1. Angle, helix B:82-98 long axis vs. longest principal axis of chain B, Cα atoms, 0 to 90°, nearest 10?
2. When only alpha-carbon atoms are used, what values of Rg and Dmax, in angstrom, describe the range B:93-192?
3. Under 5 Å between amide hydrogens, which residues at least 5 positions from residue A:320 or on another chain qualify, with H placed 1.01 Å from N in the peptide plane?
4. Rounded to the nearest 5, what % of DSSP beta bridges with both residues in chain A are antiparallel?
5. Just to confirm the numbers: residue B:58, label point 7 angstrom along the Cα-Cβ line, distances to the other copies in nm, shortest first?
6. In Å and whole numbers, how far do the C-alpha atoms of the range B:215-335 stretch along each principal axis, longest first?
7. Going toward the positive end of the dipole of the protein assembly as shown, with +1 on Lys and Arg Cβ and -1 on Asp and Glu Cβ, which of A:274, A:296, A:170 do you reach last?
8. What value, in deg cm²/dmol to 500, does the helix sum -39500 (n - 2.57) over DSSP H runs of n ≥ 4 give at 222 nm once divided by the residues of chain A?
Protein chains: 2
Amino acid sequence: MKRLPSITDIARETGVSAATVSLALRDKGRMSEETRERVKASAAALGYVPNATARSLVGGRTQLISIAMPAIRQVPEVVSSVEYFFRLLGAAAARALELDYGLLVASPSESLDRVAVDGAVVVDPSHDDPTIATFDRIGRPVVTIGRRLDRIGPEAGPELLVDNDYTRATFEVLDHFNEKGARSIALLAAEPIDSFQQDSIDAYLDWCSRHELEPRVVMADSPEPSDAGVAVEGIVTRPGRPEAVYATIDTLAEALLERAAAVGAGVPRDMFIATCSDGHIARSTSPPLTTIDEKPVELAQTAVTILIDAILDPDAGSQSVQVDTELLVRASTGG
Amino acid sequence: MKRLPSITDIARETGVSAATVSLALRDKGRMSEETRERVKASAAALGYVPNATARSLVGGRTQLISIAMPAIRQVPEVVSSVEYFFRLLGAAAARALELDYGLLVASPSESLDRVAVDGAVVVDPSHDDPTIATFDRIGRPVVTIGRRLDRIGPEAGPELLVDNDYTRATFEVLDHFNEKGARSIALLAAEPIDSFQQDSIDAYLDWCSRHELEPRVVMADSPEPSDAGVAVEGIVTRPGRPEAVYATIDTLAEALLERAAAVGAGVPRDMFIATCSDGHIARSTSPPLTTIDEKPVELAQTAVTILIDAILDPDAGSQSVQVDTELLVRASTGG
DNA sequence: GAATTCTGCTAAAACGTTTGACCATTACCG
DNA sequence: CGGTAATGGTCAAACGTTTTAGCAGAATTC
């Protein structure tokens, strides 16, 4: 790799010291306008580009943050809610760039063996995420999108959390079903259960007991349509078919819809369906699905903003922000 | 940000020099097994994490590469082919990690004002990409996924390119239409025309002239369904409706399919449709769409591999790899 | 028993930048 | 005209590593 012009080269060219060059280029320090201009001109002529590494070394900061999401590792296979994750990623990158940070794509479980980033965003953290453990230990901030299930030890830093209020969102769906006249409501979820699904299930059970309805939670082996077959079949078959189903994941709702059509159960005529994570799937089924829009763009923007605040002021305390979801009512629940 | 234990702290602890610590931890240099173990034990006890910045400064490499894709900036809006880009990104990150590199999400048009990465992958490069220009100038390798439209100046480094053979892919689709008995075939594309669409159009025109068929290229204002209305309408209306349409983008095909259904034109009964970029859209329409699978995972893996090769051996020459597409025949062309 | 090789380690330079302390000059004040 | 202030810079340390050259002593060779 060829040697790039450095601050010292400019210094030699213009006959000033390296310190002056450094200051001149960043419009700091005291010097004559003429010197400053000469330095800048020389820098431009030489095609000088500041060396971020050297800058980081003295500054102690890399201006880099990372984002870890489970979905990214499974990408070669089918990932549910691709659109959700992609939006999350895109919005995070954009916000980071605005704040003059770079965004590094990490995978969870990758327990960084070198210090390279100033902080991390972790999406849907698992309970034993080694990245989080390491970051806690070395005192680098981590903001999670979705609740942390661990929170271990006194060494853990302040809690930085961005999340949707899934309890409220679930209530909203169930109330909507109720208003539309559904009396028996089932919930369809899939392994593995993350904090989001756990919250939804809890809220569902709570809601059912308040409304004195018999809860019915059906679990699929995975969000993939092929693995959801049995669970979906069980819901859709005739005796005991619920009047409404809230599926926690869009692929589940899609599978359910297909199966319902196959056995001649009309949606929304015979059954309502709603799901979480608005995206292409929900919009393009027939009928289109009523969904909870989780506002991934806001989630990511908020997370990055909080993270960078925490980097700039390490002594600031915990921060916990809830991003409101929005119920998008579509034809699958009668418009 | 609290000061982390450094190599010097370990040196003091164990009573050896910093150089020895550095060598010990990386299993290099000559020293007694006992010393090596003592150093490692001390490092572990102190919770030492190597400082990547310092390492980069002396090594001249950051172990970081970036990936730029147009789609990432448009993410707050609707992005066509989300799945394609997400897979590209995920596969690139995974491959980079395997090779001990970090992947930075960049946006095109962001003309890096500091040197932070060792090389870049640019997806669907535009003709005036400032990132590419800068990288060329400072001698950092860039591999593009999709042909470069510029290639300016003698200073430009070797060409590093990964691409699908869209000519071949387009021929395959058209031959498939032909075999199925379609006589009039239209092509539907959308502004802005990138290298991929240009290749497809050229191939289409070529194919038509060889088969002595009248070509019919229809352009939409953008890939978004809302902007494609007029173009789609023009194709679908009765007199002169083609027997088959190849839409270069999946959202176009989807819009076309919907409009066809609306005017009572059955697919595949009255018209065949095929599209590019396999993804959820193509799989879930009814009927499902015949597509060209571009193999994004392979594209990204290859790109990252080539890039890192070029970083490790800057004097190696140009590299150009074609990744084979696969025609996935589905119901929209009669199975 | 002198020359050579091996072993185990260290010193110091280098990477490119930032920053705080300092130092000449020249200008200004009363 | 002596003292203070402003101007326009420079010096050197520091950031945490890697790497090359070298050195003292022990072991081996002939």
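1. It is inclined by approximately 30 degrees.
2. Rg and Dmax of the range B:93-192, Cα atoms, are 18.2, 57 Å.
3. Result for residue A:320 returns A:161.
4. 10 percent
5. Distances between equivalent label points, in nm: 2.0.
6. Sorted largest first, the three principal extents are 59, 29, 25 Å.
7. Result: A:296.
8. Values: 12 runs with 141 residues, N = 335.
Taken over chain A, the calculation gives -13000 deg cm²/dmol.
The values are calculated or read from the model by the stated rules, or taken from the named source; none is laboratory data. On a predicted model such as this, the values are computed, not experimentally measured, just so you know. Reconstructed Cβ throughout: ideal geometry from the backbone, glycine too, with neighbour counts over all protein chains shown. Note: accessible area is taken over every heavy atom of the protein model, side chains too, but ligands, DNA and RNA are not part of it. Shrake-Rupley method; radii C 1.70, N 1.55, O 1.52, S 1.80 Å.
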